[in-house]
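Just so you know, all these numbers are worked out from the coordinates, no wet-lab data involved. None of these values were measured; they are calculated from a predicted model. Here the Cβ positions follow ideal geometry from the backbone for every residue, glycine too, while neighbour counts run over all protein chains shown.
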Amino acid sequence: MILSCSNIDKTFVDNHVIKNASFHIEDYEKAAIVGINGAGKSTLLKIIVGELPADAGLVTFAKDKSFGYLAQHQAVDSKNTLFDELLTVKQEVLDLESAMRQCELDMKSADGGALELLLKKYTNLTHRFEDINGYACKSEISGILKGLGFGEDEFTKKVATLSGGQKTRIALGKLLLQKPDLIMLDEPTNHLDLNSIAWLETYLLNYKGAVIIVSHDRYFLDKIATKIIELDNGTVSSFKGNYSDYALQKEHQRTEQMNAYLNQQREIKHQEAVIDKLKQFNREKSIRRAESREKMLDKIERLEKPVEVNADMKLALTPHRTSGKDVMQIQELSKSFGQNKLFEHVSFELKRGEHVAIIGDNGTGKTTLLKIINELLPADTGEIRLGANVEIGYYDQEHHVLHLDKTLFEEISDDYPYLTNTEIRNTLAAFLFTGEDVFKKISALSGGERGRVSLAKLMLSEANFLILDEPTNHLDITSKEILESALNAYEGTVLYVSHDRYFINKTASRILELTHRSFINYIGNYDYYLEKREIMTPVSVSETAQSDADETSAQKRDWKQYKEAQAQVRKKENDLKKCEARIEELEQKCASLDEEMAKPENATNSAKLQKLLKEKETLSSELEELYEKWETLSQ
């Protein structure tokens, strides 16, 4: 065991964040701490590393074990380049290398006993250098920088010129290079693109130490975690397995709790009915029996009703009207910023009801494309055509659609003036803003709270074409699941940018990957994309850049497959309609034949009757075949 937490307790004013929490982490175990926003996950990590004092309880590390901690936001202030900043972690390697070079110089002018001593010293230094993998030090640093999304051309950049997210990546790189016995990471995937997250997964899976992760990235947790530590209303519970295992166990546990609660409620009502009946008899014995039962009932420890999953936030996305079948067509779209060419000659179309995810590395132009579609940025070349009756609802990851100087109430009432005060309050309450919360300024809200306001406006828009930019950013797992359910039930069209692979897997029916300035189309969810990408690109893009011609060819090939698949679907729909029409026609003919055979003049005419019966048998036989065909097509 590398870490033990016993009876940890923490309260902030009147908020009892952690209640008597106990758990432990074994050597080499990969654990994840999960819970809704504000549950106390980061607080728990800070207590473990000693940045916050616990009100009660004990944190114990195994003897001679080291740990490293990465907070959500890191202030890496340095005049070093990226490479040199990571190299500072390897000070022992640098010192040994310097001592070895000095020994080599000294040996040139030494002889006799002095040379023998120097040779012995040099041997000891080289052994130690090999033990700490000194010869691979620089390649190890390069590998980590590349894995975290930095190109070789960025290695000489100054750390001071980086953004906050990039500095957090540098802090993560330094922590990984230190190789502590226990790594603790708070939201490590927040500033990583899909390739970097996949690299970090592999790194942590193979890490020769223990790991504790706080994350809302369920796909990441499914890959990494072997234990889930849940923080729920201050109470800590441990579950074996990854996130999906935990979700199943949690649902099973909740079902058992609900059944126990309902059974107890039934028993209580039954006992109360028996007591009332005994009292109605109004006999001495019956009253004594009633009193005895009342005492027993008072001693029962009443179970609390389990809270319904996802019962708090309510999100229903319903289009006001149906759009045309062709929702959007993009032809020959290009965009550059100075010498930075983001994409060129981009062409694709969206059909009604499609849920399309745009993925790609950071900085490739995904958000820019959404802004061009929403006319917030101009394209350099190309054309965007919207179909009939298309109404756009836009969710902006930076929440520029919100007005910082307005209150929540004003934000809704100004955009939807036809809503009554009660309707506005009810809408905000559905997104967890109640009481005086509705008069808070947008500027005073956290990122997650602004996300909920944006979702509320999206719901009210009743649009039939949703364009979403990183909709799951700042949302906790429960809120993500609510959004997933709402999108899966949504009958309109969705185009979104996301790095959340679990979310993409749950909601996307098609993926557009923006790579090397063009799009590659995949008809399926994220798992399908991974499978097809391995087939289409056996050598990774990071190792071998494909030529523009190859990209265009791959795009056209996959687009052709998409069009063929769409054509097959349309053909089946058409065949189904024809089949239904033919069945209706034959059933009407059979009904007419029955009427003919029922006529008195035909009933006595055996030749005519025989002819009508034979005709009906032929029609019935065809109908049987059509019924089978219809069942096959309708599946």
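What the table below lists for this structure:
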item: Gap separating the Cα centres of the range 307-375 and the range 10-42, nearest whole Å; result: 37
item: Shape of the chain, Cα gyration tensor, a/c cut at 1.5; result: oblate
item: Value in Å of the Kirkwood radius, where the range 569-634 supplies the Cα pairs that are averaged; result: 13.1
item: Footprinting exposure proxy for 131, 186 (fewest neighbouring C-beta atoms within 10 Å first); result: 131, 186
item: Prolate/oblate/rounded label for the range 41-246 (Cα gyration tensor, a/c 1.5); result: prolate
item: Radius of gyration, Dmax [the range 201-349; alpha carbons; angstrom]; result: 29.4, 98
item: Among 410-423, 350-363, the order from most to least packed when residues are scored by Cβ within 10 Å on average; result: 350-363, 410-423
item: Sequence of 477, 583 once ranked by neighbouring C-beta atoms within 10 Å, starting from the fewest; result: 583, 477
item: Value of [θ]222 nm, deg cm²/dmol, for the chain, DSSP H segments ≥ 4, -39500 (n - 2.57) each, nearest 500; result: -16000 deg cm²/dmol
item: Rough spin-label spacing in nm, given labels placed 7 Å along Cα→Cβ, for residue 128 and residue 318; result: 7.4
item: Relative contact order (%) - criterion: Cα under 8 Å, at least six apart; region: the range 59-198; result: 50
item: Candidate lysines - alpha carbon under 20 Å from residue 269, same-chain residues fewer than 8 apart omitted; result: 277, 279, 295, 299, 305
item: Cα pair distances in the range 323-430, grouped into 5 Å bins until the bin that holds the longest one, percent each; result: 2, 10, 16, 17, 16, 13, 13, 9, 4, 1, 0
item: Rg/Rg_globular for the range 247-299, with Rg_globular taken as 2.2 N^0.38 Å and Rg from C-alpha atoms; result: 1.64
item: Cross-link reach list, lysines versus residue 79, counting only Cα pairs under 26 Å and skipping chain neighbours closer than eight places; result: 90, 138, 146, 157, 158, 167, 174, 179
item: Shape of the range 402-444, Cα gyration tensor, a/c cut at 1.5; result: oblate
